[in-house]
Amino acid sequence: MHIAKALDEPATAVLCIRCMKAPVPLTSRDLAREAGVSQSTVSRALRDDVHLPKATCLRIQALAAKLGYRANPIVAHLTSELRRSRGARYQATLAFVHDFPNRDWSQCGAWSFTLPGLRARANELGYEVEEFGLRQLGVSGRRLTSVLQARGIRGVFVAPLPKPVGHLSLDWTGFCALTLGYQMPKPRLHAIGSDHYFDMSLALRRLVRLGYKRIGLFFDHAADLYSGGQYSARFLGYMRAQPARNQVPILWLENWDTAVVQKSLGKWLDQYRPDAVVAMSPQSLAGLREFGDVPGEIGFAALDMPEGFSGCSGIWSHPVECMAASVDFVVSQLYLNRIGVPRIPFFLRLEGEWIDGGSTRKRRAI
């Protein structure tokens, strides 16, 4: 009997294993039933919705941890797609905040896409974007904080400030904010913008492929500060790798008066004889043409190309995609209730694209 019993045990054990069923995952409906609340309340509690009592959020989160509940990412994705197919309902209003004396800044280069790009993507998701110009409204940052709070606005896009070392004095504790184009020195918020280091690398690489050897950079300190010094860092790194005969120092300009610029540019060209020049915007092309034939004698590339500027070669920074990614980021952070100044800020960078135009050679020189 003892031998038979011993022989039976393994068989019984095997039978039990074969008959075992995988545990059924706990659903949000199950969790809602256990907590005595609705499924929507469970969903809101798990993402720390500020409109729910904190005690309710903590109780449901503790119950979820105890029962081993995990949200199903596939279900979440399908739910999102289903809602989108039905048409996005109004969710909330987001703020686009700037501190420029006028709106002319938004008409240059890729920045002309800023507000339209934000609104286009936001509307797809059921959000609206409203513009708040501190100078136009005649309010301080503190006053704007009160206005946004009264309107129930929690998502904020911050345009580049007039000075790259400036800051806004809003109370950021109640907002999910994203700086557009560069990272504001104070406070250090999340940011999104062009990959300036990559864009400079791409421009230099394309110019070299076209046969240019003595490449110069015609720049201003403000533009470089907005890039966090990445433009100049990449250019100087490139210069250090060149033989002495091909090294061209950067022409830095602070005063952009036309007469001053042309005098400095002419002296620099005569002294260093670059065969190609890189500048921030295509507007510098007109001044360069006064000193030689472009692209016959000298090539030119811009780092901030506006759409449809076919007469110039340079970098297209995909501003529409950048604004869409900005909205996606802020909406996702609001969904997760991640507000206030982040402990570890993110900087999402988008790579630019080289555009062949009429200011560079069409093929490499032989």
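All of the numbers you see were taken from the coordinates with simple rules; none came from a lab. None of the values given here were measured: they were computed from a predicted structure. Counting neighbours? That spans all protein chains shown, and the Cβs are built from the backbone with ideal geometry, glycine included.
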Inter-part gap, Cα centre of the stretch 287-366 to Cα centre of the stretch 121-185, in whole angstrom, is 24
The local net charge around ALA35, scoring Lys/Arg +1 and Asp/Glu -1 for residues other than ALA35 whose Cβ lies under 14 Å from its Cβ, equals +3
Computed ³J(HN,Hα) along the stretch 317-333: with the Karplus parameters 6.51/-1.76/1.60, θ = phi - 60°, integer Hz and x for glycine or proline, the list is 8, 6, x, 5, 5, 5, 5, 5, 5, 5, 5, 4, 5, 5, 4, 5, 5
By the mean-Cβ-within-10 Å protection proxy, highest first, 286-296, 313-323, 205-215, 236-246 rank as 313-323, 205-215, 286-296, 236-246
The local net charge around ASP293, scoring Lys/Arg +1 and Asp/Glu -1 for residues other than ASP293 whose Cβ lies under 15 Å from its Cβ, equals +1
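Could you tally the net charge around GLU321, taking each other residue with its Cβ under 11 Å from the Cβ of GLU321, Lys/Arg +1 and Asp/Glu -1?
It works out to a net charge of -2.
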The Rg/Rh figure for the stretch 233-319, Cα atoms and Kirkwood Rh, to two decimals is 0.96
If TRP354, TRP252 are placed from fewest to most neighbouring beta carbons inside 10 Å, the sequence is TRP252, TRP354
With +1 at each Lys and Arg Cβ and -1 at each Asp and Glu Cβ, the charge dipole magnitude of the stretch 112-207 around its Cα centre, to the nearest 20 debye, comes out at 280
Note: ASN337 to ALA222 extended length (0.36 nm per residue) minus current alpha-carbon separation gives 37.9 nm
